[in-house]
Amino acid sequence: MSDVLLTRSPEDNHRLAALLQQHGITARSLPLLQIEPQPETPQQRSLMLELDRYHAVMVVSPIAARLGLERLDQYWPQPPLGVEWFAVGGGTAAVLEDYGLPVQIPQDGQDSEALLRLPAWQRLLGLPDLRVLIWRGEGGREHLAGTIRDAGGRVDLLELYRRAMPTALAEQLGSAAADDCRGIVILSGQALQHWQCAAGTAWEQQRHWRCWVPGERIAALAQQLGCTDVVSCQGADDASVLAAVVAHPLTP
C-alpha cells in the first residue's frame, strides 16, 4: 500500500500519521503551507486591548487559535468576561478549550456556514450594536465577515499569519510521486492551489490521486481543477480525516 501524503504542519502530520499507523496505513509528512506568523501592528494591539468590547470572537483555525492566545496572554491576565467564543472545527475548539475558554462549535459541519447556523450566532446577529473579532490568517475567506456585516454588525479582523508555499515543495512532491504515493489529504483551498502549482507538468497524473478533503466546498474546488477521485471527510479534525482515510483506503 502506498503512503498517504499529509499536508498540514509537521506536528499535525506526525500526530495523524501515528493514528493512521494504528490502522495499518502508512503516511508521510509533506506540508503544503509554510506558516509565517505576522508581526503585531499598533492597530492589532488595539484590537486585543479592546477585546472586552466585542460580543464574540470567531477563531477559524488551530494556528489562529494558538497565535491569538499567545497575544491574549500578553494583555489579559484573565480572559475578559462577557465574550462568546466560537470555533469552526474540532481542532480549533480543542486549542481554545485547553486554554480554559468555553467554546461553541457547530455539530452539523466544520465550516463557516455551519457555524452561522448555531442558535447562539442567530441570537447575536440580532443585536443592533454587534461587534465581532475574527482571528484568522492573512487573506482568509470572507463569508463570515460578509454575513455579519450584511446583518448590520461590525467585524474586525486579526490576521495573525500568512501562508506561503514551502521553497522545496516541488522537489518533495516529485520525490513522493516517484515513490508511488497516490493519495493526499488537502484541508484548505490554498493547500489545493499549492499542490497544483508545485505539481507543474505532473498535474495531469497527480490530479487522479485520491484526494481527501474536509467538505463539499473544497471538494468542488478540487473537481474544478480536474481531480477525479475526491473523498469528503466531513470535517478537518483528526477524527474526521482518520475515519475517511480508513473507510476509503488506497488499494495496493
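E142 label point, 7 Å along Cα→Cβ, cut-off 14 Å on backbone N: hits in the stretch 221-247? Within reach of a label on E142: no residues. Quick note on the stretch 1-80: its Rg to Rh ratio, both from C-alpha atoms and Rh being the Kirkwood radius, is 1.16. Translational diffusion of the chain was estimated from the Stokes-Einstein equation, with Rh taken as the Kirkwood radius over Cα pairs; at 4 °C and 1.567 mPa s the coefficient is 68 µm²/s. Computed over the stretch 1-149, the alpha-carbon pair-distance distribution with 10 angstrom bins reads 10, 35, 34, 15, 5, 0, each value a whole percent. In the context of the full set of protein chains, the chain has a per residue accessible area of 47 Å² (1.4 Å probe). Counting heavy atoms of the protein chains alone, V155 has an accessible area of about 10 Å² for a 1.4 Å probe. With Cα atoms defining each centre, the stretch 219-252 and the stretch 90-166 are spaced 24 Å apart in the structure.
Atom-type composition of the exposed protein surface of the chain places 52 percent of the accessible area on carbon and sulfur (1.4 angstrom probe). Sorting the segments 127-134, 22-29, 40-47 by their residues' average number of neighbouring beta-carbon atoms within 10 angstrom, most packed first, yields 127-134, 22-29, 40-47. The HN-Hα couplings worked out from phi for the stretch 21-38 by the Karplus form 6.51 cos²θ - 1.76 cosθ + 1.60 (θ = phi - 60°) are 4, 5, 9, x, 10, 8, 9, 10, 8, 9, x, 9, 10, 9, 7, 10, x, 9 Hz, whole numbers, x standing for Gly and Pro. Using R0 = 51 Å, the C-beta based FRET efficiency linking D98 and A202 works out to 0.80. In the chain, what % of DSSP beta bridges are antiparallel (nearest 5)? About 10 percent, rounded to the nearest 5. The stretch between R154 and Q22 holds 42.9 nm of extra length on full extension. This uses 0.36 nm per residue minus the Cα-Cα distance. Phi-derived couplings, Karplus 6.51 cos²θ - 1.76 cosθ + 1.60 at θ = phi - 60°, listed residue by residue for the stretch 235-252: x, 10, 6, 4, 5, 5, 5, 4, 4, 5, 5, 5, 6, 10, x, 6, 8, x Hz, with x used for Gly and Pro.
Can you tell me the 0 to 90 degree angle between the C-alpha axis of helix 169-178 and the longest principal axis of the chain, rounded to 10? Relative to the chain, helix 169-178 is tipped by roughly 40 degrees. Over the chain, with a Gaussian network built from C-alpha contacts below 10 Å, which listed residue (G100, G153, G215) shows the highest mean-square fluctuation? Taking springs between Cα atoms under 10 Å, the residue moving most is G100.
Can you give the local net charge around R162? Use residues other than it whose beta-carbon is closer than 13 angstrom to its beta-carbon, Lys and Arg +1, Asp and Glu -1.
It works out to a net charge of -1.
What is the list of residues in the stretch 82-98 whose amide nitrogen lies under 19 Å from a point 7 angstrom out from the Cα of E40, following Cα to Cβ? Zone members listed by number: 96.
A164 to L81: FRET efficiency via 1/(1 + (r/R0)^6), r the Cβ-Cβ distance, R0 30 Å, to the nearest 0.05? Efficiency at R0 = 30 Å is approximately 0.20.
So what's the Cα pair-distance distribution over the stretch 58-101, bin width 5 Å, in %? Result, from short to long distances: 5, 24, 35, 25, 10, 1 percent. Calculated mean residue ellipticity, 222 nm, the chain: -12000 deg cm²/dmol, from DSSP H runs (n ≥ 4) at -39500 (n - 2.57) each, averaged per residue and rounded to 500.
Net charge of the neighbourhood of V57, taken over other residues with C-beta under 13 Å away and scored Lys/Arg +1, Asp/Glu -1, is 0.
Taking the empirical scaling 2.2 N^0.38 Å for compact globular proteins as reference, the stretch 203-250 has a Cα radius of gyration ratio of 1.10. Would you work out if the stretch 65-136 is rounded, prolate or oblate? Take a ≥ b ≥ c from the square roots of the eigenvalues of the alpha-carbon gyration tensor; rounded if a/c is under 1.5, else prolate when a/b is larger than b/c, oblate otherwise. It is oblate, given that a/c is not under 1.5 and a/b is not larger than b/c.
The values are calculated or read from the model by the stated rules, or taken from the named source; none is laboratory data. For clarity, every value in this text was computed on a predicted model and none was experimentally measured. Cβ coordinates were reconstructed from backbone atoms using ideal geometry, including for glycine residues, and neighbour counts include every protein chain displayed. Ligands, DNA and RNA are excluded from the accessible area calculation, which covers all protein heavy atoms including side chains. Shrake-Rupley method; radii C 1.70, N 1.55, O 1.52, S 1.80 Å.
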